[in-house]
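Throughout, read-outs are computed from the coordinates displayed, never taken from laboratory work. Please read all numbers here as calculations on a predicted model, not as lab measurements. Here the Cβ positions follow ideal geometry from the backbone for every residue, glycine too, while neighbour counts run over all protein chains shown.
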Amino acid sequence: MFHPWDRPMETFGPLMVEGFTRFLEDFGVRFEGGFELASHDRDARVLRAADGRELPYDLGIVVPAHEAPAPVRGSPLAGPEGYMDVVLPSMASPRYPEVFGIGDVVAPSIGLGMAGVFAHFQADHVVSQILDRIRGAFMGELYNMVGVCVMDTGHMGAAVWCDFSDKLFGRAPYPDCRLLGGMRLFRAVKEGFERFWFAHLFGR
């Protein structure tokens, strides 16, 4: 596995770095950190880093760098990196307070990871504010900044719990995270969650 980060999960703090490093080692996965992809030779099946390192492969799965969608990137909603700029905790644009942003399009701006669980809670929070404005009453729906990610590792599962509240408001350098691993129960939870969403979205 190669990644621009020097260590696995390094932006999530020392406990997560230690946990995920051990996790990868247990599964025999080598981590190549600080790997800024410079070129990809498909014929030779080699990935080359900016520092000259080369990674030969049999099957290469390369995820392109994330970027904000063009309509946001080229609009007054965008911040310095092209993602939508929002004010916490409202998730509203500082320039256009009637416009809200949620999910991946705001994640880098506020220092949050890209995950569906965050978009879900942000959507609840934004909808409650819009309804409050329409009804003229504040019902006190708070923005839940806690996320849980459940992973399927093949024969068992793992889960990560993180509270981003202090990090997003600048009170701590890292989120408060816990890694729970090595349990078959988590794999069952992951499968059940997947089945629920497929049934919910596609009716089967």
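List of remarks:
- For log10 I(q)/I(0) by the Debye sum over Cα atoms at q = 0.09, 0.10, 0.12, 0.19 Å⁻¹, the value computed from the atomic coordinates appears in the list (1) -0.34, -0.42, -0.61, -1.47; (2) -0.45, -0.54, -0.74, -1.42; (3) -0.46, -0.57, -0.82, -1.43 under label (3).
- Per-pair calculated FRET efficiency, R0 = 41 Å: Met183 and Asp124 via Cβ, rounded to 0.05: 0.90
- FRET efficiency for the Phe169 to Ile61 pair, using the beta carbon distance and R₀ = 45 Å, is estimated at 0.80.
- A simple packing score, the average count of other Cβ atoms within 10 Å per residue, orders the peptides 67-80, 45-58, 110-123 as 110-123, 67-80, 45-58, with the highest score first.
- FRET efficiency for the pair Arg133 and Met1, taken as 1/(1 + (r/R0)^6) with r the Cβ-Cβ distance and R0 = 41 Å, rounds to 0.35.
- Backbone HN-Hα couplings from phi across region 35-44 [Karplus 6.51/-1.76/1.60, Hz, Gly and Pro as x]: 9, 8, 5, 9, 7, 9, 9, 5, 5, 8
- By the beta carbon rule, with partners counted only under 4.7 Å, the chain holds these lone Cys residues: Cys149.
- For Gly181, the residues 5 or more places off, or on other chains, whose built amide H falls under 5 Å of its own are Ala159.
- Per-q log10 I(q)/I(0), region 145-204, q = 0.15 Å⁻¹ (Debye; single scatterer per alpha-carbon; no solvent): -0.57
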